[in-house]
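J.: Encoded as structure tokens, here's the structure I'll be asking about.
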Amino acid sequence: MSQGTTRRWETMRTDETRRVEAVLRKEFPNSDAYRYNSASIRVRVIDPRFERMPVDERDAVIEPLLGQLPGETQADIMNLILLSPSEIEASCRKSLVNEEFEDPSESML
């Protein structure tokens, strides 16, 4: 992909998902969010602190931040991806999850 090319998910950002990013980026600078469809927001946080951290602990770190968002926004977060930088390349499963974030399939809604 050439520089200057906007990835599809970046065009799917809304004011609401920008607020999600703003809240998360206070603690996790590499956080992204977009509205996948009318009922679903996808969020991805990549941070070296997640290295070797179990998923439930990662969730526990993020939950207080997400708790700052309006309830309607929290309810729409259907996909929360919490990865360390090394996991993006290392694990097939995690790579597939990241690939779906990067290049969203067409929504059925």
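Read the figures in this text as sums done on the coordinates, not as results from a lab. For clarity, every value in this text was computed on a predicted model and none was experimentally measured. Neighbour counts run over all protein chains shown; Cβ positions are idealised from the backbone, glycine included.
J.: With respect to Pro54, is the statement that it is more than 20 Å from Pro29 (Cβ to Cβ) and exposed (fewer than 13 other Cβ atoms within 10 Å of the Cβ) true? Can you show your working first?
T.: Numbers: more than 20 Å from Pro29 (Cβ to Cβ): yes; exposed (fewer than 13 other Cβ atoms within 10 Å of the Cβ): yes.
Considered against the rule, which asks whether it is more than 20 Å from Pro29 (Cβ to Cβ) and exposed (fewer than 13 other Cβ atoms within 10 Å of the Cβ), Pro54 comes out as yes.
J.: For region 58-109, name all the residues that are among the acidic types (Asp, Glu) and more than 14 Å from Arg35 (Cα to Cα).
T.: Listed by number, the residues that qualify are Asp59, Glu63, Glu87, Glu89, Glu99.
J.: Go over the candidates Arg19, Arg35 one by one and state the one that is buried (at least 16 other Cβ atoms within 10 Å of the Cβ), under 15 Å from the mean Cα position of the chain (by Cα) and among the charged types (D, E, K, R).
T.: On the way: Arg19 fails: buried (at least 16 other Cβ atoms within 10 Å of the Cβ).
When all the criteria are applied, what remains is Arg35.
J.: Of everything in region 1-25 that's part of a loop (DSSP other than H, G, I, E, B) and of a type in the set (Val, Ile, Thr), which residue is nearest to Asn79 (Cα to Cα)?
T.: Thr14
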